[in-house]
Amino acid sequence: MAISLRRAATAGRGRQSVPPDTAALLAALPNPVIALDPAGIVRFVNPAAEQFFGISAAALSGSPIAEHLLPDSALFGLVEAVRRSEGSIAEYDVVIAGPRFPARSVTIQGAPVGEGAELVVLSLHERSMADLMDRQLTHRNAARSVTAMAAMLAHEVKNPLSGIRGAAQLLEQDADEAGRELTQLICEETDRIVALVDRMEAFSEPAPIAGGEVNIHEVLDRVRKIAQSGFARHVMLIEEYDPSLPAVPGDRDLLLQVLLNLVKNAAEAVRDTDGEIILTTAYRHGLRLAGPDGGRRHLPLVVSVADNGGGIPDDIKPHLFDPFVTTKRNGTGLGLALVAKVIGDHGGVIEFDSEPGRTVFRVFLPVVTSAAVAHDGNG
């Protein structure tokens, strides 16, 4: 029974009730850590748990853990078992899910803290973390392969196409009606391929990213207005932002195009009747990833685009950011490849989780250095 875990709290929301020195130690851990009181109310979460649950510590702390998990979650039973045994318990390959995150396979370790088990501390070890890192490397390599392909196409394909089109125009002068239809078809198809190569050339241009400071919320506001006035008119758009986020170094127009592409994909994936897109921003203090030069990059700002569409087919997932891979009938398969390249040019990474009814794309970006120091100091 997990009845005690589902009682709502009317006070104490937003407060962390773990001693500061202990909190600092737990915040340094890379795995999600969460502490629950006897009523099942969250009393502490570390930054890794914020990222895991997709919600800030202020929103988690003081709320019932049952609000953030599916009703039949195995975590409830484990907590009750820890309280009964008054000892540590671990469960392996436990699948848990919630309204803000997809099903994940984790190992949960629970232990009582304090006399009378005042708190139960849970540590979650996500098995898919290595897969996440592999995907980020794959996306990075996909962007490089697109760049190389674009340079090749521009040189080896575009130039001969102009000769083919010119020859077709010459043949058209002496052709009969049936022949003119064929030469016009050649010209139209040549123009179509040239337009495609022109789009590909954007990948081969190593133009430096403009070094301005971008307010990501201003960009998202612009994306929302464009979406709601056009392609996402039928969708409920929900915004869940951290208003204290610092600026992002980069090109505003390119970031606008990236987020617009992700929101457009989400709008096309949902149904007309109950489609929903959730735009979320958050600051993750401890997120550092290996850069292509071997250094470490701090990517604390996270922008998420979630939808309740049908999900991405499993056979497409490993190649989703490769060029010419698409699930759309008339798609070119260049949109997400370009997204991966632009995010990589900004020093960030993009990853996704997808299952039927829930797909989330997460963009991890650096922030202006001085702002990051100030934010970390206040966090």
- Message: With the requirement that a residue be closer than 22 Å to Val360 by Cα and surrounded by fewer than 17 Cβ atoms within 10 Å (Cβ to Cβ), what does the range 68-92 give you?
- Response: Leu70, Pro71
- Query: Consider Ala247 against the criteria (1) at pLDDT 90 or above; (2) under 17 Å from the mean Cα position of the chain (by Cα); (3) of a type in the set (A, V, I, L, M): it satisfies all of them except one. Which criterion is unmet?
  - Reply: (2)
- Item | Only listed residue being small (Gly, Ala, Ser), at negative phi and at pLDDT below 85, chosen from Gly309, Gly295, Gly333 | Gly295
- Can you name every residue in the range 312-321 that is surrounded by fewer than 20 Cβ atoms within 10 Å (Cβ to Cβ) and at pLDDT below 85? Asp314, Asp315, Ile316, Lys317, Pro318, His319
- Task: Just give me the residues in the range 267-283 being part of a loop (DSSP other than H, G, I, E, B) and either in contact with a Lys or Arg (Cβ under 9 Å, 6 or more places away or on another chain) or surrounded by 18 or more Cβ atoms within 10 Å (Cβ to Cβ) (or both), in sequence order.
- Result: Val270, Gly275
- Message: If I go through the range 218-244 residue by residue, how many of them are crowded, with 21+ Cβ neighbours inside 10 Å and assigned to a loop (DSSP other than H, G, I, E, B)?
- Response: 2
- Item | Qualifying positions in the range 66-100 - among the aliphatic types (A, V, I, L, M) and in contact with a Phe, Trp or Tyr (Cβ under 7 Å, 6 or more places away or on another chain) | none
- Message: Checking Lys264 against (1) open to solvent by less than 30 Å² (accessible area, probe 1.4 Å); (2) of a type in the set (D, E, K, R); (3) modelled with pLDDT of 85 or more; (4) part of a helix (DSSP H, G or I): exactly one of these is not met. Which one?
- Response: (1)
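The values are calculated or read from the model by the stated rules, or taken from the named source; none is laboratory data. Bear in mind that the values here come from a model prediction, so they are computed numbers and not experimental data. Backbone-built Cβ (ideal geometry, glycine too); neighbour counts: all protein chains shown. What goes into the accessible areas is simple: the full protein's heavy atoms, side chains included, and nothing from ligands, DNA or RNA. Shrake-Rupley method; radii C 1.70, N 1.55, O 1.52, S 1.80 Å.
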